[in-house]
Amino acid sequence: MFLKQTTCTDHFFPTDVVATGEVLWDVIGAAKHLGGAPFNFAVHCHHLGARSAIVSRVGQDELGDEIMARARDLGVDTSLIQHDSEHPTGQVRVTLDARGQPEFDICTGAAYDYLAASPAAIERVHTADVVCFGTLAQRCPVARQSIATLLEAASLRQAQGSAHALLVCDLNLRPPHHSVEVVRDSLARCHLLKLNGDELRVVQGMLGRDGLDEDAFLLYLLDAYKIELVCVTLDARGCILRTLEERVAAPGYPCRVVDTVGSGDAFTAALVVKYLAGWPLAEVADFANLVGAYVATQHGATPPITPDALRDFANK
């Protein structure tokens, strides 16, 4: 088990977070929004009081330069973002359905597909409290190996007698950019797993466990892959948190959805921050639902999150 921190008295708890993977532009109609699940997670953790950095890669192009400037403005440490002279900055074409749910057309051959496990990145994850990763940036063997190296470095402290970083996998499956092998490896490397209800069923089929009911499958994941906590998000219905000892089902917050891009990443940030703070699982789930729902009422993936804004939203 990782070493939980002391409980704080406010919603926000300072910790050191490193996200690994894609930073890119979400292009919605004529507008573009800075995004990528790991990047969004890092920004939201910063909003919640964390020190945040991202290990990623951008092209030596105008879009890459704009990412660097915007990321700094958002409070994310950009020193671990690499520059690629051969591959362009990543882009995703996003369309929203009638319910505000995003559909993604993810450009291949992006700079983040070639991110490297640099000495500076290895040093940073070795001392981090949290290292977050997903599956999209592992679609390319180069980035996949780099992410594996970083996760191994983050786990090294435990072998040296110190509390290890909490390795968080936000599965974030984006067909056809994942494989059974990547999913299995990701499950085996994480301490905290977050996925949505659709992804749960996909993973269940991948692992040949279709015969299990939902809770039995969650217990299987916890035991087979030595995971501490599995979180299943259920859109407006809230979420389920499962450990070997406890199951929490928390209802969602009613809201008028503007768009859901980034709301899942905000949920993950809130989940991790409160889990690290040692809060009871029911409170962890409620706060994560609150933050995720609030972001769904805002434009863009990374709107500011403040205690006052959350309080006003919760009291509506």
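General remarks:
- Of all residues in the stretch 74-88 being touching a Leu at 6+ places or on another chain (Cβ under 8 Å) and not in a strand (DSSP E or B), the one that is nearest to residue 44 (Cα to Cα): 74
- Selection within the stretch 219-234 - touching a residue at least 40 places away in the same chain (Cβ under 8 Å) and among the acidic types (Asp, Glu): 228
- Residues (under 23 Å from residue 52 (Cβ atoms), in contact with a Gly (Cβ under 8 Å, 6 or more places away or on another chain) and not acidic (Asp, Glu)) located in the stretch 238-286: 239, 260, 261, 262, 263, 264, 266, 267, 270, 273, 285
- Residue within the stretch 169-178 that is touching a strand residue (DSSP E or B) at 6+ places or on another chain (Cβ under 9 Å) and of a type in the set (A, V, I, L, M) present: yes
- Some residue of the stretch 250-267 being modelled with pLDDT of 95 or more, over 19 Å from residue 19 (Cα atoms) and either of a type in the set (A, V, I, L, M) or surrounded by 24 or more Cβ atoms within 10 Å (Cβ to Cβ) (or both): yes
- Selection of helices (runs of 4 or more DSSP H) fully inside the stretch 216-316 by the criterion of at least 3 residues being of a type in the set (A, V, I, L, M) and touching a strand residue (DSSP E or B) at 6+ places or on another chain (Cβ under 9 Å) returns 263-276, 281-296.
- All conditions but one from (1) touching a strand residue (DSSP E or B) at 6+ places or on another chain (Cβ under 8 Å); (2) not in a helix (DSSP H, G or I) apply to residue 154; the one that does not is (2).
- Of all residues making up the stretch 57-101, the number that are within 14 Å of residue 116 (Cα to Cα) and in contact with a His (Cβ under 8 Å, 6 or more places away or on another chain): 3
- Among the residues of the stretch 92-105, some residue qualifies, meaning at least one is within 24 Å of residue 53 (Cα to Cα), modelled with pLDDT under 95, under 18 Å from the mean Cα position of the chain (by Cα) and assigned to a strand (DSSP E or B).
- Flag for residue 89 being surrounded by fewer than 16 Cβ atoms within 10 Å (Cβ to Cβ) and either free of Cβ contacts under 8 Å to residues at least 12 places away in the same chain or on the phi < 0 side of the Ramachandran plot (or both): no
- Some residue of the stretch 61-69 being of a type outside the set (Phe, Trp, Tyr), within 17 Å of the chain's Cα centre (by Cα) and at pLDDT 85 or above: no
- Number of the condition not met by residue 57 [criteria: (1) within 21 Å of residue 264 (Cβ to Cβ); (2) surrounded by 23 or more Cβ atoms within 10 Å (Cβ to Cβ)]: (1)
The values are calculated or read from the model by the stated rules, or taken from the named source; none is laboratory data. The structure presented is a predicted model; accordingly, all values stated were derived computationally and were not measured. Here the Cβ is made from the backbone with ideal geometry for all residues, glycine too, and neighbour counts use every protein chain on show.
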